[in-house]
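Read the structure below first, then the notes.
The values are calculated or read from the model by the stated rules, or taken from the named source; none is laboratory data. These figures come from a predicted structure and were not determined experimentally. We place every Cβ from the backbone using ideal geometry, glycine too, and count neighbours over all the protein chains shown. Heavy atoms of the whole protein, side chains included, go into the accessibility calculation; ligands, DNA and RNA do not. Shrake-Rupley method; radii C 1.70, N 1.55, O 1.52, S 1.80 Å.
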Amino acid sequence: MNNLDSLPKKKILSLFMTCGFPTLNQSKKVFNEMLSHQPDIIEFGLPFSDPMADGPIIQEANKLALRSKLSTQQSLNLIKELSKSKNNTSFVIMCYLNTVRKFGLNKFIKNIKSIVDGIIIVDLPFEEEDAIKKSLSKNNIHLIKLISPMTDKKRSKKLLKNSKGFIYYISATGITGSNKLDYKEINKNVKSIKKMSSVPVLVGFGIKSKKDVIDISKKTNADGVVIGSALIQKYFDIKMDFNKYLKSLKKFIQEVKI
Amino acid sequence: MKTYKQPSTVGRFGEFGGMYVSETLMPLLLDLDKSYKKIQKDKKFKKELNDLFKNYVGRPSSLHYAKNLSKFINGPKVYFKRDELNHTGAHKINNCLGQILLAKKMGKTRIIAETGAGQHGVATATVCALFGFPCYIYMGSKDIERQKPNVFRMKLLGAKIIPVESGSKSLKDAMNEALRDWIKNVRDTFYIIGSTAGPHPYPKMVRDFQSVIGKEAREQILKVEKKLPDYLIACVGGGSNAMGLFYPFLNDKKVKIIGVEAAGRGAKTEETAATMTSGTPGILHGSYSYVLQDNDGQIKEAHSISAGLDYPGVGPEHSYLKDIKRVKYFGITDKEALEAFQTCSKLEGIIPALEPSHALAYLIKAFKNKHKNKVVILNLCGRGDKDLFTAAKAIGFDADE
Ligand SMILES: Cc1ncc(COP(=O)(O)O)c(C=O)c1O
């Protein structure tokens, strides 16, 4: 069974968080807090030294997580442990290709099989994905596709062929945490994606508040949102007081669950 | 022998290279690749570039017989390919002119670049001044400190310098930030990458623009020596000056080719930039190539006294040439490079940059009292003005006195 195959039809909420942030032990509490709200999807970011597509907030989270030399194995163990209280929430890993390559694709899959429903490899373009996609699909793990405003129709068509799970539409040309949302453009592009694919389309990059979530739902045809940097930002907003962080996280997630 | 034909149409040098970037950049790289292929066949483009090479850069750069150094080594006849005489003081300008003409053709209106030693930043700022483009240079704050003369030059040329505080605050981090800028400003921005690194088509494109070095050197040496050289030697950071010299000779099997990396405090230590001696294949900045990384694939911080070689990766074509054994790669320490820096200055009256000082150090070390009657071409790809403060400090000379 793959939880991503039974996502709700509308208002899908996906929450992104970096594994091992701020520390491995605290990270467990953060994810447990997130899980307790039963979001549709949790995205587990595997920290990488050079997160090329991430903005300053997720970069900082990566840096803090790697401070204590968090290993890939520790991150995967954490995900495995959390999966005991997974219920209907889909688990998705978001990472860079070098992490998977160095760990070994087969060993990686062995570690996440029947635990993780999907994987987003940020720097693995369609042109290079064949071998990896095949191995993942054999193990019922969906390779999630990113589409950006720069992806034209012809390319989208190729990318979206046989897509599974959901489609991650990058709402703004930019790194994670960018802030300008152009609803008209988002709507136009989401509509065009939906013509080519039947899986849900989630909008991510730059969703920061309850208002953003409502606007995406009202003003566009998207099926849901991904929130990442905004969840991490809270930690820095309250001056890194961890107990306060958990509380503000709780409040924020309650807000964005519309 | 099979003629050398790399990379493949998708940017593979053997298994190395490729395009490992997020979907926001993919369409841009494909577009860049298409545009680059088009201008390669464009006679007007070629003419314009050659004109600039001749009248703006001062090409061809001379091939100087380094008599005194040759005598000191008591081995081969050493020739310097003097790209340090170029306008702006290094080989970097060759590539920048090619790329800015391409940017113009593609209708881009804003230029970004990363820089380590500041030579590529200066060259980019220079071509932006010449062609009237706004110019943004990403530079690690550690490099801003050790390459001050170049920082001031870039400012004079009208560029905006954006200090990078992340990671090791040097070249790798500057490139991360430049890539992020590009992802944010995909529509109007052209990213001039300064070395044969990054995703396809950069490694190929930069090599092609730099190969004017090797083409000239080949003609020049055939004229004076009536034969091809026995050895080529160049320093390797990302690998652009080296590829520029090597590429036109790759099919000449008799020409032995040597790339020299920065070993920092030693290739076996943690403070090194000797990517091919100490690294393993991995993915950095959109390309599959040798990198310095740990068991989990986290990229390590590099170390070299030379900011231009202080990079934990290397261009994919070098990784390929290493694996097929066409080029041999060796490491030279900070200390050895500093010594060669002084030897060359005293013997030849040429103050080299710290980058080619690594190539010089290898030459002096490996060829001493050996290889007599052989001919060597060494790429003297940059001059040392930018390094005077760093060198003075390392040698223990008080430059303020
Ligand atoms: C004079 C000089 N040589 C070499 C390099 C290293 O780059 P590459 O290996 O691409 O030639 C630099 C880089 O800044 C440089 O300034």
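Count neighbours as other Cβ atoms within 10 Å of each site's Cβ, and list the trypsin sites (Lys or Arg not before Pro) in region A:46-88 that are DSSP loop with at most 12 such neighbours.
On the way: sites: A:K63, A:R67, A:K69, A:K80, A:K84, A:K86; in loops: A:K69, A:K86.
Sparse-neighbourhood loop trypsin sites (Lys or Arg not before Pro): A:K69.
Report the A-B buried area as the accessible area lost on both sides summed, probe 1.4 Å, in Å² to the nearest 100.
Using a 1.4 Å probe, the pair buries roughly 3000 Å².
Looking only at B:L388, B:L245, B:L380, which one moves most when chain B is put into a Gaussian network model with springs between Cα atoms under 10 Å?
Largest GNM mean-square fluctuation: B:L388.
Would you be so kind as to identify which of B:V186, B:L28, B:G282 lies farthest towards the positive end of the dipole of chain B, taking Lys and Arg as +1 and Asp and Glu as -1 on Cβ and the Cα centre as origin?
Working it through, the farthest residue towards the positive pole turns out to be B:L28.
At 1.4 Å probe size, with the rest of the protein present, what percent of the exposed accessible area of the protein assembly as shown is carbon and sulfur atoms?
Details: 13620 of 26310 Å².
Taking all protein chains in place, the protein assembly as shown shows 52 percent carbon and sulfur surface.
For B:K41, which lysines qualify as cross-link partners when the Cα separation must be under 16 Å and same-chain residues fewer than eight apart are set aside?
B:K105, B:K204
Please give me the summed charge of the neighbours of A:K133: other residues whose Cβ is under 11 Å from its Cβ, Lys and Arg +1, Asp and Glu -1.
Within the 11 Å Cβ shell, the charges total +1.
Under the rule a/c < 1.5 gives rounded, and otherwise a/b versus b/c splits prolate from oblate, where does region B:78-176 land using the Cα gyration tensor?
oblate
Structure shown: which of A:K157/B:K322; B:K81/B:K372; A:K10/A:K102 lie over 28 Å apart, alpha-carbon to alpha-carbon?
A:K157/B:K322; A:K10/A:K102
At 222 nm, what helix-only mean residue ellipticity would chain B give, in deg cm²/dmol to the nearest 500, using -39500 (n - 2.57) for each DSSP H run of four or more? Kindly include the intermediate steps, with their values, before the conclusion.
Working: 16 runs with 167 residues, N = 401.
Computed ellipticity for chain B at 222 nm equals -12500 deg cm²/dmol.
In whole angstrom, and with the biggest value first, how far do the Cα coordinates of the protein assembly as shown range along each principal axis?
Its Cα atoms span 79, 50, 50 Å along the three principal axes.
Give the separation of the Cα centroids, region B:251-327 to region B:1-75, in Å.
Going from one Cα centre to the other spans 19 Å.
With r defined as the distance between the Cβ atoms of B:N74 and B:I324 and R0 fixed at 45 Å, what FRET efficiency is calculated, to the nearest 0.05? If you can, show how the numbers build up before the last one.
On the way: r = 33 Å, r/R0 = 0.73.
Computed FRET efficiency for B:N74 and B:I324 comes out at 0.85.
What does the accessible area per residue of the protein assembly as shown come to in Å², with a 1.4 Å probe and no ligands, DNA or RNA counted? Working shown, then result.
Numbers: 26310 Å² over 659 residues.
Averaged over the residues of the protein assembly as shown, the accessible area is 40 Å².
Using a 1.4 angstrom probe with every protein chain in place, what is the largest-first accessible-area order of B:T277, B:T115?
Result of the area sort, largest leading: B:T277, B:T115.
Take B:H318, B:H64 and sort them by solvent-accessible surface of the protein heavy atoms, 1.4 Å probe, largest at the top. Display every interim value, and only then the final one.
Numbers: B:H318 0, B:H64 55 Å².
Heavy-atom accessible area, descending, gives B:H64, B:H318.
Averaged over peptide B:165-172, how many Cβ atoms belonging to another chain are found within 10 Å of each residue's Cβ? Write out the running numbers ahead of the final one.
Working: counts 0, 5, 4, 0, 0, 0, 0, 2.
Averaged over the peptide's residues, the number is 1.
Placing +1 on the Cβ of each Lys and Arg and -1 on the Cβ of each Asp and Glu in region B:297-362, which of B:F330, B:I351, B:S304 has its Cα farthest towards the positive end of the resulting dipole?
Toward the positive end, the furthest listed residue is B:F330.
Using the Kirkwood formula on the Cα atoms of region A:178-258, what hydrodynamic radius do you get, in angstrom to one decimal?
Result for region A:178-258 stands at 13.7 Å.
Under the Cβ-under-4.7 Å rule, which cysteines of the protein assembly as shown stay unpaired?
So far as the 4.7 Å Cβ criterion goes, A:C19, A:C95, B:C96, B:C235, B:C344, B:C381 stand without a partner in the protein assembly as shown.
Which residues of region A:104-147 bury at least 20 Å² of accessible area once all protein chains are present, versus their chain alone (1.4 Å probe)?
A:V122, A:D123, A:P125, A:E127, A:E128, A:L146
Tally Lys/Arg at +1 and Asp/Glu at -1 over every other residue whose Cβ is under 9 Å from the Cβ of B:Y36; what's the total?
That works out to +2.
Region A:18-63: which GluC sites (Glu not before Pro) are DSSP loop and have at most 12 other beta-carbon atoms within 10 angstrom?
Those that pass, being in a loop and sparsely packed, number zero.
Restricted to Cα positions, what overall size does chain B have along the principal axes? Three whole-Å values, descending.
Here the Cα extents, ordered largest to smallest, are 56, 51, 46 Å.
Out of the trypsin sites (Lys or Arg not before Pro) in region A:8-51, which ones are loop residues according to DSSP with at most 16 other C-beta atoms within 10 Å?
Answer by residue number: A:K9, A:K10, A:K11.
In peptide A:47-57, what is the residue-averaged number of other protein chain Cβ atoms found within 10 Å of each Cβ?
So the per-residue partner count for this stretch is 6.
Take A:K158 and A:Q73, extend 7 Å from each Cα along the Cα→Cβ direction, and tell me the distance between the two endpoints in nm.
3.9 nm
Going down the table (A:K154/A:K188; A:K188/A:K219; A:K113/A:K194; A:K194/A:K219; A:K154/A:K194), which pairs top 19 Å between alpha carbons? Please list the in-between numbers first.
Details: A:K154/A:K188 16 Å; A:K188/A:K219 11 Å; A:K113/A:K194 29 Å; A:K194/A:K219 15 Å; A:K154/A:K194 14 Å.
Distance filter (> 19 Å) returns A:K113/A:K194.
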